[in-house]
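Asks: Sharing a structure with you now.
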Amino acid sequence: MDDGVILEVSEGYISVCFGVCFWTDAKGLMILEEDYRVGGEVWRVHKNDPDPYPSRPHAHCIDGCRRFVGCKLHLGTRQLFAPNNKPLDRFLDQRQFDRLIELVRPKFPGVMLPLLI
């Protein structure tokens, strides 16, 4: 399981990449899907995103599996949301979520991460 790597940091955002993201359903059961890729999802967390949904801040999938690009990740519940803000029955693996939070936390010292639900 890939621990994640910071790809880019700027004044307004941080981009993080995991080699392969693992997803579970609401009951904690693994969702197994096969993609033939060399990389994984890249998440971008904006400091002040004008759209506060599903959480403030939240992460945007900007690269990786096409079906996830454009989706948003709640930085408290680990739940994935479609671009139209519809909740999907997918949750980022706890270990990968913890790593994402660990990488993002220094960029946003005034925000308590993970967010309280």
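Asks: Tilt of helix 94-104 relative to the longest C-alpha principal axis of the chain, in degrees (0 to 90, nearest 10)?
Replies: The angle comes out near 30 degrees.
Asks: Ok, one more. Please report, largest first and rounded to whole Å, the three semi-axes of the ellipsoid equivalent to the range 65-117, where each semi-axis is the square root of five times an eigenvalue of the C-alpha gyration tensor.
Replies: Details: eigenvalues 84, 27, 23 Å².
Working from the Cα gyration tensor, I get semi-axes of 21, 12, 11 Å.
Asks: Along each of the three principal axes of the Cα atoms of the range 5-107, give the extent in whole Å, ordering the values from largest to smallest.
Replies: The Cα atoms of the range 5-107 stretch 36, 28, 23 Å along their principal axes.
Asks: Still on this structure, I have one more. Taking the chain as a Gaussian network, Cα atoms linked when under 10 Å apart, which of Glu11, Glu41, Glu102 shows the biggest mean-square fluctuation?
Replies: So, out of Glu11, Glu41, Glu102, the one fluctuating most is Glu11.
Asks: Please arrange Cys65, Cys71 by counting, for each residue, the other beta carbons lying within 10 Å of its beta carbon, fewest first. List each step's numbers first, then the result.
Replies: Working: Cys65 16, Cys71 22.
So the ranking, lowest neighbour count to highest, is Cys65, Cys71.
Only the coordinates and a few stated rules stand behind these numbers; no lab work does. Since we're looking at a predicted model, the values are computed, not measured. Methodologically, a virtual Cβ is constructed for each residue, glycine included, from the backbone with ideal geometry; neighbour enumeration extends over all protein chains shown.
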